[in-house]
């Protein structure tokens, strides 16, 4: 199934992804994959004495899971030619083990490319937890196929 083509994307369009609960296993696997064993993420005793009072997920794990939640929509499959940038990404609140997150997407802008075969789309991604807190936010920039 072809995803949403450039001409079909509307500025101001809003989409919400499915949700996913972040587990301790997710964090351990991410630490093993990246080699980032910071005790703030992997040591319950250490984390208990931190300002968060409990272990938290790696910020980049949250970002990675957010991209997976966006991918689950299927509307960007095959139509996205290239992922170009992440702009102004910020980590607003920690993601704790057991938090359930989803992504709210808003199309901010779009423009044609010089070749006329593609367009560039700017999407605001807001990662929200089950307490309705904004935990991460930023803009994804992607090159999208045109109908031509």
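Assorted remarks:
- From the options 147, 72, residue that is under 16 Å from the mean Cα position of the chain (by Cα), surrounded by fewer than 16 Cβ atoms within 10 Å (Cβ to Cβ), under 19 Å from residue 4 (Cβ atoms) and in contact (Cβ under 8 Å) with a residue 12 or more places away in the chain: 72
- Checked against (1) in contact (Cβ under 8 Å) with a residue 24 or more places away in the chain; (2) out of contact with any helix residue (DSSP H, G or I) (no Cβ under 7 Å at 6 or more places or on another chain), residue 55 passes all but a single condition, namely (2).
- If you filter region 76-101 down to residues that are touching a helix residue (DSSP H, G or I) at 6+ places or on another chain (Cβ under 9 Å) and within 30 Å of residue 147 (Cα to Cα), you find that the one that is surrounded by the most Cβ atoms within 10 Å (Cβ to Cβ) is 79.
- Test for residue 64: is it out of contact with any helix residue (DSSP H, G or I) (no Cβ under 6 Å at 6 or more places or on another chain) and in contact (Cβ under 8 Å) with a residue 24 or more places away in the chain: yes
- Scan of region 1-34 for residues that are out of contact with any strand residue (DSSP E or B) (no Cβ under 7 Å at 6 or more places or on another chain) and part of a loop (DSSP other than H, G, I, E, B), ordered by number: 1, 2, 4, 23
- In summary, strands (runs of 3 or more DSSP E) completely within region 60-143 and bearing 2 or more residues that are farther than 30 Å from residue 35 by Cα and modelled with pLDDT of 95 or more occur at 100-112, 118-129.
- Enumeration of residues in region 48-59 that are on the phi < 0 side of the Ramachandran plot and either touching a strand residue (DSSP E or B) at 6+ places or on another chain (Cβ under 7 Å) or assigned to a loop (DSSP other than H, G, I, E, B) (or both): 49, 50, 51, 52, 54, 55, 56, 57, 58, 59
The values are calculated or read from the model by the stated rules, or taken from the named source; none is laboratory data. Because the structure is predicted, anything quoted here is derived from the model rather than measured. As a convention, Cβ positions derive from the backbone with ideal geometry for all residues, glycine included, and neighbour counts pool all protein chains shown.
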